[in-house]
Amino acid sequence: MSPEDALLNEHQRRHIETTLQLLGESLRELAALPAPRGREAMWRRIAGDIAMAEAAVVRIADGFGLETVRSADPLQRVGSIAAAWSADLADLSAARLRRYGHVHPELAAVLDPAVVDLRQRLLAIAKAVRGEGDSC
């Protein structure tokens, strides 16, 4: 057990591991894309950046003893994606959109309840996959 292992509870470990696994998968998919015609030099630089980001994902995961490759279990994949998107959707609240500019005064009343509902549905999926509750 590394010293970093003691820094996280089980839920934190699962969240970080899932996020890093999904990010690593996305980075590998990006790295496999063909270079855009006429932009090969730019693509080589970007591919290098993608490789460095993937290496950073591995360093973080290794530091906490986390897996960087997800299980092939489709239920686990569904749960992982639902949980990760649920966390990301928190950034869609009207209050957090202020960083992108002026927010209409009526936006929170329209957007926030819909985002909360979507997050709850995604969390229900993740919990169902873990056997913790009913699905939505």
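Values in this text are rule-based calculations from the coordinates and carry no lab data. Predicted model, so just to flag it, every value in this text is computed and none were measured. Cβ placement follows ideal geometry from the backbone for every residue including glycine, while neighbour counts extend to all protein chains displayed.
Counting GluC sites (Glu not before Pro) as exposed when in a DSSP loop with at most 16 other beta carbons within 10 Å, what is the longest stretch of the chain free of them?
The reported range is 1-66.
Can you pull out the trypsin sites (Lys or Arg not before Pro) in the range 14-68 that DSSP calls coil and that have at most 16 other Cβ atoms within 10 Å?
Passing both the DSSP loop test and the Cβ count: Arg37, Arg39.
With 27 Å as the cut-off, how large is the P(r) tail for the chain, expressed as percent of Cα-Cα pairs?
Taking all Cα-Cα pairs of the chain, the fraction more than 27 Å apart is 41 percent.
Could you work out the helix-only [θ] at 222 nm for the chain, with each DSSP H run of four or more residues adding -39,500 (n - 2.57) and the total divided by the number of residues, to the nearest 500 deg cm²/dmol?
-22000 deg cm²/dmol
Under a Cβ-Cβ cut-off of 13 Å, what is the net charge of the residues other than Glu54 that fall near it, where Lys and Arg count +1 and Asp and Glu count -1?
Its environment carries a net charge of -2.
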